[in-house]
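Asks: Take a look at the following structure, please.
All of the numbers you see were taken from the coordinates with simple rules; none came from a lab. In this text, all values refer to a predicted model and were calculated from it rather than measured experimentally. Positions of Cβ are generated from backbone atoms using ideal geometry, with glycine treated the same way; all protein chains shown enter the neighbour counts.
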Amino acid sequence: MIRSVIIGFAHMHVNEVALYISDEPDTELVGIADVPPLSPELTEKRYTRAWNKKNVAEVSGAPIYESYTEMLDTLKPDYAYILCENAFKPAVAEECAKRGVSVIVEKPMAADVAGAKKICELPEKYGVELYINWPVAWRPYLGEFKKALDEKICGESLRLRYINGHTGPLGKGAKHRGVSAKAEEMSDEERGRIWWYKGECGGGAFLDILCYGCYFSRWLFGKKPLGISALGQNLGTPYANTEDNTVAFFRYENAMATAEGSWTLPRLLVPSGPQMLCQDGAVYCAGGADEGQSANACNLSGEKVDMPEYEHPYCMKNMPSHIASCKLRGTPIFETLTPAFNLDVIEMIEAARLSSEKHAEIEP
């Protein structure tokens, strides 16, 4: 049995992660603990850290520890799922690693390249395993999408288009996997005290939303771009000291990608996934933003092209199932969960932020 703990309730993905751990027969959630915030929140409404902590405790039945280091020393788990603020991840990950506890960090790996490099040093320094969890890694339709591109059913990939967004992590009508209800209404003062809206904590739309555009660009083209041009601005979130809208252009030698990330975008307007424009047509995603997604293809005339047969493997069901498959059955780590891949992604995010500041193309 794989003994795991959860550290941090800052990220609402913790609700989904806790459900996955509970559903995995080879994994047991033996304890949960938070990481002290930079400043206390003013509310315990849905998706705040206090609400996430209470929900995970109720769903999992795992005991709550006041100190995550005390929990690590007491329980001596095999793995720790880290879902604290982006800026705190390097320090928390090292506290786990120096105790011999392997680390699973929720995306993105860190708030900046310096922090990401510190985390990437942990396996060699302490002999632990390191994974970075991306929710999109487990979506069957994206596995089918990637297979269609690899088999070049529409020819060479030329241009990636990707739009992602919502009304903010705790914005109007926000809803996150693992919980059926939407976020409750909050005042600007209440939202402004939550870490997502604080740059010093690693908040902002570059790290929260545009990171997916960097992920898909790096994964689907198989490498970092030659240059990144980006713009981030705060257009409608006055209580945040971060950007709430981002746009980036990724330049490759014979291809390009455009990505958008927004905290002011109604879910109705969010496409269901990436689109790849190819030499002889396009591979694209269709369906609702939250469910019913599918991968499709068409030729240049708009006629449907048959997708390749695809069977989603059990080891790609979710992070706990992947860990169990790697540890117990020798499955190789999926490419987008590795430290090397995620260091590339963080370098791309940082290049995008620097490009926005300098109004110039930046090499990641």
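Asks: Can you grab the distance from the C-alpha centre of the range 47-75 to the C-alpha centre of the range 1-46, Å, no decimals?
Replies: Taking the Cα centre of each part, the range 47-75 and the range 1-46 sit 6 Å apart.
Asks: Under 8 Å for C-alpha pairs, at least 6 residues apart: give me the relative contact order for the range 2-136, rounded to a whole percent.
Replies: 25
Asks: May I ask you to list, by number, the DSSP H helices of the chain whose Cα span along the axis is at least 18 Å and whose average Kyte-Doolittle hydropathy reaches -0.5 or more?
Replies: 339-358
Asks: Now a separate question. Can you give me the Cα centroid spacing of the range 284-362 and the range 76-155 in angstrom?
Replies: 13
Asks: Taking neighbour Cβ counts within 10 Å as the exposure measure, how do 28, 335 sort from fewest upward?
Replies: 335, 28
Asks: Add +1 for every Lys or Arg and -1 for every Asp or Glu among the other residues with Cβ under 14 Å from the Cβ of residue 357, and state the total. Mind showing how you got there, number by number?
Replies: On the way: positive: 353, 358; negative: 112, 243, 350, 361.
Around residue 357, the surrounding residues sum to -2.
Asks: Let me ask something additional. Give the Debye-formula value of log10 I(q)/I(0) at each listed q (0.14, 0.18 Å⁻¹), with one equal scatterer per alpha carbon of the range 105-182, two decimals each.
Replies: Relative scattering, expressed as log10 I(q)/I(0), comes to -0.83, -1.05.
Asks: Take every Cα pair under 8 Å in the range 79-158 that's 6+ residues apart, average their separations, divide by the length, and report that relative contact order as a whole percent. Intermediate results must be reported in sequence, preceding the final value.
Replies: Details: 93 pairs, mean separation 21.3, N = 80.
Dividing the mean separation by the residue count of the range 79-158 yields 27 percent.
Asks: Shifting gears a bit: Return a whole-number percent for the relative contact order of the chain, with Cα pairs under 8 Å and 6 or more residues apart as the contact set.
Replies: Reported as a whole number, the value is 19 percent.
Asks: Moving on to the next point. Of the listed pairs 53/317; 98/118; 53/327; 117/358; 76/117, which have alpha-carbon separations greater than 21 Å here?
Replies: 53/317; 53/327; 117/358; 76/117
Asks: Let me ask you something else. At what distance in nm do the modelled label points of residue 42 and residue 354 sit from each other, each positioned 7 Å from its Cα along Cα→Cβ?
Replies: About 3.7 nm separates the two model spin labels.
Asks: Take the Cα radius of gyration of the chain and divide it by 2.2 N^0.38 Å, with N its residue count; two decimals is plenty.
Replies: Relative to the 2.2 N^0.38 Å estimate, the chain comes out at 0.96.
Asks: With point charges of +1 on the Cβ of Lys and Arg and -1 on the Cβ of Asp and Glu, referenced to the Cα centre of the range 86-149, which listed residue (149, 115, 102) lies farthest in the positive direction of the dipole?
Replies: Value: 149.
Asks: Let me ask something else. Arranged by the count of other C-beta atoms within 10 angstrom, fewest first, what order do 272, 157 take?
Replies: On the way: 272 19, 157 22.
Listed from fewest to most nearby Cβ atoms, that is 272, 157.
Asks: Let me ask you something else. Could you give me the radius of gyration and the Dmax of the range 2-136, taking only the C-alpha atoms into account and expressing both in angstrom?
Replies: For the range 2-136, the Cα radius of gyration and maximum Cα-Cα distance read 13.7, 41 Å.
Asks: For the chain, what is the percent of antiparallel DSSP beta bridges, rounded to the nearest 5?
Replies: 50
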